[in-house]
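What follows is calculated from the coordinates using simple rules that are stated; it is not laboratory data. Note that this is a predicted model, so its numbers are computed, not measured. Virtual Cβ from ideal backbone geometry, glycine too; neighbours counted across all protein chains shown.
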Amino acid sequence: MGKFRRVPVGIVGASGYGGVQLVRLLMDHPEVEMVYLGGESSIGKSFGDLYPHLAHATNLLIEAVEPEIIAHRCEVVFLSLPNGLACQIAPKLLEKGCKVLDLSADYRFSNLTTYTNWYGTERSDHTIAATAVYGLPELYRDRIAEAQLIGCPGSYPTASLLALSPLLKQGLIRPETAIIDAKSGTSSSGRHAQTNLLLAEADNSIAAFNVGRHRHTPEIEQICSHLAGHELTIQFTPHLIPIVRGILATVYATMSDPGLVRDDLITIFSAFYRNSPWVRVCGSGVYPQTKWANGSNLCYIGVEVDPRTGRVIVMSAIDNLIKGQAGQAIQCLNLMMGWDETLGLPKLGFYP
């Protein structure tokens, strides 16, 4: 028998919150071997210097970002970079035959004009962007399995779209009435100095931000429009809450059939996600909490109907750094490589 071979993977942007989640999760993945960690500001430092709690588990150094070298050593590359940087690196990696999973917004849009309008970066890689697949496995599992380039969703869109998708796909709501009210922990903003993320600012407080203009809005609208079969405008308002990790997205919409009751919708949601191992539809009268999902790749969904208003209310809870970021990227990797979708990912969080 031949020697067992693990797939060599690299991470560009390993020092951020998305990067450290990838490192931690890939350490436990039975089919991969991390062979490269890249960054610019930390070149030459060991990953253990950046994250001492992992110093005993890896001796990898942060290296310069040189696509030729990365492609020579890696079959799969995760790009965990600020928006506008992945599109400079991904084409070179793809040309060399690498599979690329981008955790930024660079390859989430089928129309780069939308990207430029919201992110302010002009793009010339239209042909490559057109090959990217939106990395939400619950909707695009088959396409992900055949892809070379994945645009991994944002954390707010992940929670919101998992709540909305059955409603739109099955025509259960009047689409133009959909409103998303989402709340996230401070880690969603990344690992950088920012006044509103200081403990003195964020603790004992909750605040909306980027109201009516959050960059995840067009991403949500793009997928919702695809599901509904026509262009949609969605009202989305994010809030920052004083927890480290977790997102709770609450969706409100007017039902097309006011005769449907809560148990009808729970049955519909359960059928919609029957082949989705990372989605848990809660029972009647059970509403999800962010703490349930902490440290796992799970999404918990609760459904309620208000007969007075004729509205459905759907609540979706995820860990923004796992199902909303690194875990979902690895879920996509599993599909791309033909592995079990759950391989190497945490199935249960820690409670409390």
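Scaled to the globular estimate 2.2 N^0.38 Å, the Cα spread of the chain, given as radius of gyration, is 0.98. What net charge is computed for the residues neighbouring Cys98, neighbours being all others with C-beta under 14 Å from the C-beta of Cys98, Lys and Arg scored +1, Asp and Glu -1? Net charge in that neighbourhood comes out at -1. Among bridges DSSP assigns within segment 155-320, what percent are antiparallel (round to 5)? Bridges in segment 155-320 that DSSP calls antiparallel: roughly 75 percent. The slack between Arg73 and Ala271, meaning 0.36 nm per residue of separation minus the straight C-alpha distance, is 67.0 nm.
Look at Leu112, Leu198, Leu162 and count the other Cβ atoms within 10 Å of each Cβ; fewest to most, that gives Leu198, Leu112, Leu162. Applying 1/(1 + (r/R0)^6) with R0 = 45 Å to the Cβ-Cβ distance of Glu176 and Glu66 gives a FRET efficiency near 0.40.
Cross-linked pairs Lys45/Lys291; Lys45/Lys183; Lys45/Lys92; Lys92/Lys291: Cα-Cα separations exceed 30 Å for Lys45/Lys291; Lys45/Lys183; Lys92/Lys291.
Between Ser41 and Lys347, the modelled label-to-label distance comes to 3.9 nm, taking each label 7 Å out from Cα in the direction of the beta carbon. Sorting 203-210, 248-255, 296-303 by their mean Cβ neighbour count within 10 Å, with the most densely packed peptide first, gives 296-303, 248-255, 203-210. Listed values for segment 292-301 are Karplus-derived 3J(HN,Hα) couplings in whole Hz (6.51 cos²θ - 1.76 cosθ + 1.60, θ = phi - 60°), namely 4, 8, 3, x, 10, 9, 8, 10, 9, 10, and x replaces Gly and Pro.
When Glu66, Glu219 are arranged by Cβ crowding within 10 Å, least crowded first, meaning fewest neighbours, the order is Glu66, Glu219.
Of all lysines in the structure, those lying under 22 Å Cα to Cα from Lys169, and not within fewer than 8 positions of it along the same chain, are Lys323. On the principal axes of its alpha-carbon atoms, segment 1-79 has extents of 42, 29, 19 Å, going from largest to smallest.
Spread over its residues, the convex hull of the C-alpha atoms of segment 158-286 is 127 Å³ per residue. The modelled label-to-label distance between Arg6 and Arg215, using points 7 Å beyond Cα along the C-beta direction, is 3.3 nm.
Every helix of 4 or more DSSP H residues in the chain counts as -39500 (n - 2.57), and over all residues that averages to -8500 deg cm²/dmol at 222 nm.
In a DSSP loop and with at most 13 other Cβ atoms within 10 Å, the trypsin sites (Lys or Arg not before Pro) in segment 193-262 are Arg213.
By other beta-carbon atoms within 10 Å, ranking Phe350, Phe78, Phe269 with the fewest at the front produces Phe350, Phe269, Phe78. Computed over segment 7-131, relative contact order equals 23 percent, with contacts defined as Cα pairs under 8 Å that lie 6+ residues apart.
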